[in-house]
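The values are calculated or read from the model by the stated rules, or taken from the named source; none is laboratory data. Only a predicted model underlies this, so the values are computations on that prediction, with no experimental measurement involved. All Cβ positions, even for glycine, are placed from backbone atoms using ideal geometry, and neighbour counts span all protein chains on display.
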Amino acid sequence: MTNHYNTIIIGTGHNGLVAAAYLAKQGKKVLVLERRSIVGGSVVTESFGENFTVDSVQTGGTLRPDIIKDLGLGTSEKNAHSTRPPFISLQPDGNHLILNEESIKRFSEKDASRWSEFVRFMDKAASILDAAYATIMPRLPKNMSLQDGYGLLELGLELRLAGRKDMLNFIRALPMSAQELVEEYFESEVVRAAIASVAIHNSTLGPMSAGTGYTLIHNWLNRGGLSLTPTPLPVGEGQRVRGIGEITNALANAVKSFGGEIRTDAEVKNIKIENQIAKGVVLANGEEISADIILSSADPKHTLLKLVGAQDLPPEFVWHTQSIKMRGSISKVHLQTNGNHGIPEGTSVVAPTVKYLEKAYDASKYGEISEKPYLEVTTSENTVSIHFQFAPYELKNGSWNMENGKVEKLAIDTLAEYFPNLKSSIVNTKTITPKDLEETYGLTEGDINHGQLMLDQFLFMRPIPGWSNHKTPIDNLYLCGSGVHGGGGVSGASGRNVVKILK
């Protein structure tokens, strides 16, 4: 084996690049390997034709402010919030709701008076969850180390500082359904549904599912709070970027500036194991590269069952890994238009009632594509990007080779009910199905979070119980993608946390 490195990182998703940048900054000899010809994983901006450039998978997100500061990537989070477009819940009568106090007042005076208290609690809950994500979870039920104890002590202090009332309400909210949580604050069905849609985004859950209180807080945190409109990383003083791919481009530039190396078109076929120790990787072209440490930002199932293989892992560990719930049910429909689509700037959702969202989810439980889907829509000049739920990876009838046209038609027809000029404005389309998310972007079962964010798959149970601290049964092999604690969405917490383990 040639070309020895201190650390090899598999995948150029944002978490892999965050870890690579931190390690390269420490002076480590770092190599990042990417099977595609572009960096970014699911955090990527791509062109599908002339004047047809879109954020193909992730439509927004913000790295943690401490990561931005540590790696010298840009300005403060406060600056990013100042120019955010609104979060709009589309209504059939054209009386659209914008999630702010003034707009809510048109639907309910009482709800408008409670909005500021709801935002205050959600911001506090998000800050507590943020502290939890910054804490390395102990390998329960294994014995805790002294380092684990210090981490939990700091988290306990954060809970204590939150105040007794907010602390208890935060703990209480986690297992609740989003429906139950919003009903405690608001009476308007329109307001309730708009907020509940945030809870189910990227998850194969309905707003009546237990644990969507947790996913609401998680998505509130990752979207940056009040406006709920995803905001990409700011680069340069006062300058806003165009396209979420700028996040991973900025990270890739940071890796290189610190002396790290990135190779594209370099697919890892398997991780080389000797005596339960990771020694390097073997590429699809047969090349072998050795390293002291291997980090994988791919999802846990792909890393452990395909790149390592069951033969090198304990049987019980293999069973737990096979049991990780992926269940992707997301499609993306991107439209190139002549600019006359009529859709406002910002984030618009088709979420008229909580029951509507629950019925959209019901279809996925039976392997069916929702006929009345939950949509989240963003625009950028002449392009329209539609996030479609629910479209399950496992279809009861048919296959994704045949059904992508159905998703595209449903997405356009549903949105056209609100914007009549949409259909006539369309010039070109690009649909990305759950199968495409797996085959093109490396997301097992099309799960954008590398494993569902559920009560039995979070905190010390992510990715599986007993292995929540990035380690694996293979010495010198660590997980750093969205499938581990702190992952899901775009924050970089998983990539930053793994570096703490390596110290």
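Values as computed for the structure displayed
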{"quantity": "Subset tally (residues that are surrounded by 14 or more Cβ atoms within 10 Å (Cβ to Cβ) and among the charged types (D, E, K, R)) for segment 395-407", "calculated": "2"}
{"quantity": "Index of the failed condition, Glu288 passing every other in (1) touching a strand residue (DSSP E or B) at 6+ places or on another chain (Cβ under 9 Å); (2) exposed (fewer than 15 other Cβ atoms within 10 Å of the Cβ); (3) within 30 Å of Phe390 (Cα to Cα)", "calculated": "(3)"}
{"quantity": "Cβ pairs under 9 Å, 6+ apart, first in segment 408-425 and farther than 18 Å from Gln91 by Cα and buried (at least 18 other Cβ atoms within 10 Å of the Cβ), second among the small types (Gly, Ala, Ser) and modelled with pLDDT of 95 or more", "calculated": "Glu408/Ser331"}
{"quantity": "Looking only at segment 104-124, and only at residues there that are among the charged types (D, E, K, R) and touching a residue at least 12 places away in the same chain (Cβ under 8 Å), the one that is nearest to Arg223 (Cα to Cα)", "calculated": "Asp123"}
{"quantity": "Unique residue being at pLDDT 95 or above and within 21 Å of the chain's Cα centre (by Cα) when the list is Arg84, Arg106, Arg64, Arg36", "calculated": "Arg36"}
{"quantity": "2 or more residues at pLDDT below 95 and under 20 Å from Glu376 (Cβ atoms): qualifying helices (runs of 4 or more DSSP H) within segment 164-250", "calculated": "212-223"}
{"quantity": "Tally of residues being acidic (Asp, Glu) and in contact (Cβ under 8 Å) with a residue 12 or more places away in the chain across segment 86-103", "calculated": "1"}
{"quantity": "In segment 301-317, residue surrounded by the most Cβ atoms within 10 Å (Cβ to Cβ) [restricted to those that are within 25 Å of the chain's Cα centre (by Cα) and charged (D, E, K, R)]", "calculated": "Lys301"}
{"quantity": "Unmet criterion (only one of (1) buried (at least 18 other Cβ atoms within 10 Å of the Cβ); (2) farther than 30 Å from Lys25 by Cα) for Gly492", "calculated": "(2)"}
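The rows are residues; the columns are (1) closer than 28 Å to Ile294 by Cα; (2) not in a loop (DSSP other than H, G, I, E, B).
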position	(1), (2)
Gly398	no, no
Asn401	no, yes
Asn404	no, yes
Ala411	no, yes
Thr431	no, yes
Tyr441	yes, no
Glu445	yes, yes
His450	yes, no
Ser468	yes, no
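Here's the yes/no breakdown for (1) part of a loop (DSSP other than H, G, I, E, B); (2) crowded, with 17+ Cβ neighbours inside 10 Å:
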site	(1), (2)
Val32	no, yes
Ser37	yes, no
Gly40	yes, yes
Val54	no, yes
Thr59	yes, yes
